[in-house]
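Input: a single structure, listed below in structure tokens.
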């Protein structure tokens, strides 16, 4: 199977090179036969990349520890479930996963454009995809081969990092990768459009679903990463502004800006240059995320160490960036359009300002992430830039962005009249003001929480107003009762209302983040059996302690009775786990979640007399972060749901 | 009636937000821990790392707090021992100020550029409208303008 995997990888690489050569020849000779062969080679590439992936999965499942990658990330005691997910636990498997998914996406594009080979754009789209695949397959077949053998057969593997033995690991890395990889397709369309000079909105229309779907995957990946950090790392938080987290957040921000201005180009055929810049930047920062993880240039909790791949990614990234800049500069005169707006005050202009904010946040995140390198280069002084810096710099920017999220729907397309503005702003502004006063009287006195909550009310009311207005209008027009009109409105105008659901999800996330960060309670203490610890309205009494073996780990668990306001509220059971092959024990979080707050308990230490050290946190409103994230994903999916009239899944995604 | 609906929606939001407990007690130790990085090389804040080294550092903080040292004194003590990289955020002085200021400068520049473009585009839009308006649109009365706006609005909503 090792040879089979190796051969499949080599064949996939050969097919990628062959495809590039055939497509280039076809373009130079203007010969459709070469182009057709180049197109078909991409199917062959997808087939062999799939076979290589199956081979690696098989080697994990069958404990083939002769393979260095399998021995590094699995062992005999590892549950089957995690043996499969160990596929992407390390750098080599992640790269294979990337190449495999991109080859499948490429096959889908090839299938969707099967009748468009005569179009001047199509061969260039294939060429960009084939080139990107060649880069990954070059790494996989040369410097980062997942089928590389050890010189001996170890009795057992080194096992999977216990922190990665969590259900979040099934979906967090793959969804993030799917987001990164998905943006290759719109990037390929954009490059192709610039090369052939077809610079109208066609490329945007054709890639809209790819854009939004990739954005949805990136969102899921980021949210799941936060959820995994929260339940697995045991520090009571969900986002640490770690360089690798930032590296996933930056393309998300740029892609979000792009999705907004793409709407303007589709509607008004303006901002063509800007959209090209944004899609190139999105793709570059997808690569940057991978570079950051592989290069080891920055210290991160995700660190794969200096893998030697950083240089390759840096070169590829530079080629993509400067290639993109060159093409944009070359096409600049054609991309320039006659920009006209009916008014200063229009939704188009607010979209432009939201773009400025998205990019400002992306820039501050990037700058903070790489500032230790800049500082060391300029002053020779080594620094750390972590959570306090990002919270301080990004919080005001996010609040302005939140305000704009509320303002945008209040301002009509093309032109907003003074009467219109007054009518639209009055109720949300009053609601927000009244909310602020009540919150202040209720004890919310700190500036940022008060502002964040008030703005959340403002945005929520504007969105609610949109839903309400739309439903009433539909109900009047069709005679449908409100309860029928509402879901039908959502379905019929799903692109628009899907967007509003995404915005509402953002508001809910802001409420969750503000509550859980500004009003977090935390305490720590050591307890003997029968003793209690208090935090806020909770009391936790240490009742019992037990140790047992479960699959690949020894577990020591304490049982604590929870009392809220003096009344029994169930039990919780934090654990300390000693995994086979792991150097250090891990803590397993015990959670009591309600819509109001999370009671979060970890057990960092167990004493010789079974006295336990507990770290207890109360995180108000935290669950709303996950609820808001889910709403954003649902809204995003809703916005790209296909029309019933069209047929075929392939056509739909295209 | 309209205000009752909005009011109900707002009350729900407020109830949810007000359900947040008020801040309990000062966590000076935690506050200091969040201003420091763990020295073990994990890349985590001291308050979040669970290694032995982190526990030693936390014990040092507790010791200094017991001696009545202020937050600034404790942080300086760590900086003199481990260097500035032990701080979780660069101190706001010298070259480090660039990190704090540049994002906002970037935002300002972005806003100015956006304003310039919007003004330019809006000017072109008005000029175009007035050029065409002389010939074609001058006769439009208010009623007709309203009809056109309504039609355009409908089109956009579709």
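Output the residues belonging to segment A:11-32 that are outside any helix (DSSP H, G or I) and buried (at least 17 other Cβ atoms within 10 Å of the Cβ).
None - no residue of segment A:11-32 is outside any helix (DSSP H, G or I) and buried (at least 17 other Cβ atoms within 10 Å of the Cβ), so the list stays empty.
Is at least one residue of segment A:423-440 assigned to a loop (DSSP other than H, G, I, E, B) and either over 25 Å from residue A:514 (Cβ atoms) or over 33 Å from the mean Cα position of the chain (by Cα) (or both)?
So far as segment A:423-440 goes, no, none of its residues is assigned to a loop (DSSP other than H, G, I, E, B) and either over 25 Å from residue A:514 (Cβ atoms) or over 33 Å from the mean Cα position of the chain (by Cα) (or both).
Would you mention how many residues in segment B:45-59 are touching a strand residue (DSSP E or B) at 6+ places or on another chain (Cβ under 7 Å) and assigned to a loop (DSSP other than H, G, I, E, B)?
Of the residues in that region, 2 qualify.
So which residues in segment B:32-44 are outside any strand (DSSP E or B) and either more than 12 Å from chain A (Cβ to nearest Cβ) or surrounded by 14 or more Cβ atoms within 10 Å (Cβ to Cβ) (or both)?
Residues satisfying the conditions are B:32, B:33, B:34, B:35, B:38, B:39, B:40, B:42, B:43, B:44.
For residue A:159, all conditions in the list (1) crowded, with 19+ Cβ neighbours inside 10 Å; (2) under 22 Å from the mean Cα position of the chain (by Cα); (3) under 30 Å from residue A:227 (Cα atoms) hold save one; what is the number of the exception?
Here residue A:159 meets the rest and fails (2).
Based on what the data block shows, is residue A:244 surrounded by 21 or more Cβ atoms within 10 Å (Cβ to Cβ) and either modelled with pLDDT under 85 or outside any helix (DSSP H, G or I) (or both)?
Yes: the conditions hold for residue A:244.
Can you say whether residue A:384 is within 10 Å of chain B (Cβ to nearest Cβ) and either out of contact with any helix residue (DSSP H, G or I) (no Cβ under 7 Å at 6 or more places or on another chain) or surrounded by fewer than 16 Cβ atoms within 10 Å (Cβ to Cβ) (or both), as far as the supplied structure shows?
Taking the combined requirement at face value, the residue does not satisfy it.
Among the listed residues A:533, A:457, which satisfies the condition of being under 24 Å from residue A:595 (Cα atoms) and touching a residue at least 60 places away in the same chain (Cβ under 8 Å)?
Going through A:533, A:457 in turn, just one is under 24 Å from residue A:595 (Cα atoms) and touching a residue at least 60 places away in the same chain (Cβ under 8 Å): A:533.
Which of the residues that make up segment A:510-538 are more than 20 Å from residue A:235 (Cα to Cα) and either away from chain B (no Cβ under 12 Å) or part of a strand (DSSP E or B) (or both)?
If the condition is that a residue be more than 20 Å from residue A:235 (Cα to Cα) and either away from chain B (no Cβ under 12 Å) or part of a strand (DSSP E or B) (or both), then A:528, A:529, A:530, A:531, A:532 are the ones that fit.
Every residue in segment A:308-335 that is under 25 Å from residue A:256 (Cβ atoms) and modelled with pLDDT under 80, please.
A:335
Is it the case that segment B:81-102 has a residue that's touching a helix residue (DSSP H, G or I) at 6+ places or on another chain (Cβ under 9 Å), more than 7 Å from chain A (Cβ to nearest Cβ) and closer than 30 Å to residue A:341 by Cβ?
For segment B:81-102, residues touching a helix residue (DSSP H, G or I) at 6+ places or on another chain (Cβ under 9 Å), more than 7 Å from chain A (Cβ to nearest Cβ) and closer than 30 Å to residue A:341 by Cβ: absent.
Residues of segment A:468-483 being away from chain B (no Cβ under 11 Å) and either surrounded by 14 or more Cβ atoms within 10 Å (Cβ to Cβ) or in contact with a strand residue (DSSP E or B) (Cβ under 7 Å, 6 or more places away or on another chain) (or both), which ones?
Answer for segment A:468-483, where residues must be away from chain B (no Cβ under 11 Å) and either surrounded by 14 or more Cβ atoms within 10 Å (Cβ to Cβ) or in contact with a strand residue (DSSP E or B) (Cβ under 7 Å, 6 or more places away or on another chain) (or both): A:471, A:475, A:480.
State the number of residues belonging to segment A:224-241 that are away from chain B (no Cβ under 12 Å) and buried (at least 23 other Cβ atoms within 10 Å of the Cβ).
Qualifying residue count for the region: 1.
Mind checking which residues of segment A:563-587 are touching a residue at least 24 places away in the same chain (Cβ under 8 Å) and closer than 15 Å to residue A:612 by Cβ?
A:571, A:572, A:574, A:575, A:576, A:577, A:587
For segment A:72-86, give me each residue that is crowded, with 17+ Cβ neighbours inside 10 Å and either modelled with pLDDT of 90 or more or outside any helix (DSSP H, G or I) (or both).
A:74, A:75, A:78
Take residue B:18 and decide whether it is at pLDDT below 75, within 7 Å of chain A (Cβ to nearest Cβ) and either under 29 Å from residue A:246 (Cβ atoms) or surrounded by 13 or more Cβ atoms within 10 Å (Cβ to Cβ) (or both).
yes
Scan segment A:615-627 and give yes if some residue there is within 17 Å of residue A:539 (Cβ to Cβ) and at pLDDT below 90, otherwise no.
Checked against the condition, which is being within 17 Å of residue A:539 (Cβ to Cβ) and at pLDDT below 90, segment A:615-627 yields at least one hit.
From A:455, A:397, grab the single residue that is at pLDDT 90 or above, surrounded by fewer than 22 Cβ atoms within 10 Å (Cβ to Cβ) and closer than 26 Å to residue A:347 by Cβ.
A:397
Kindly provide the set of residues from segment A:589-600 that are crowded, with 21+ Cβ neighbours inside 10 Å and under 19 Å from residue B:50 (Cα atoms), ordered by number.
A:589, A:590, A:600
Which is in a helix (DSSP H, G or I) and more than 11 Å from every other protein chain (Cβ to nearest Cβ), of A:506, A:450, A:489?
Just one listed residue meets the conditions, A:506.
Read through the list (1) more than 29 Å from the chain's Cα centre (by Cα); (2) surrounded by 15 or more Cβ atoms within 10 Å (Cβ to Cβ), then give the number of the only condition that residue A:150 fails.
Every listed condition holds for residue A:150 apart from (2).
Take segment A:358-380 and flag every residue that is closer than 20 Å to residue A:249 by Cβ and within 7 Å of another protein chain (Cβ to nearest Cβ).
A:359, A:360, A:363, A:364, A:367, A:368, A:371
In segment A:163-220, what residues are surrounded by 21 or more Cβ atoms within 10 Å (Cβ to Cβ) and either in the same structural domain as residue A:98 (by TED's automatic domain parsing) or not in a helix (DSSP H, G or I) (or both)?
Residues satisfying the conditions are A:165, A:183.
Considering segment B:80-91 alone, what residues qualify as being part of a helix (DSSP H, G or I) and without any contact (Cβ under 8 Å) to a residue 12 or more places away in the chain?
Within segment B:80-91, B:80, B:81, B:84 qualify.
Return yes when residue A:512 is at negative phi and modelled with pLDDT under 90 and no when it is not.
no
Yes or no: segment B:60-78 includes at least one residue that is within 10 Å of chain A (Cβ to nearest Cβ) and in a helix (DSSP H, G or I).
Taking every residue of segment B:60-78 in turn, none turns out to be within 10 Å of chain A (Cβ to nearest Cβ) and in a helix (DSSP H, G or I).
For residue A:141, indicate whether it is touching a residue at least 24 places away in the same chain (Cβ under 8 Å) and more than 25 Å from the chain's Cα centre (by Cα).
Here the answer is yes, as residue A:141 does meet what is asked.
The values are calculated or read from the model by the stated rules, or taken from the named source; none is laboratory data. In this text, all values refer to a predicted model and were calculated from it rather than measured experimentally. Virtual Cβ from ideal backbone geometry, glycine too; neighbours counted across all protein chains shown.
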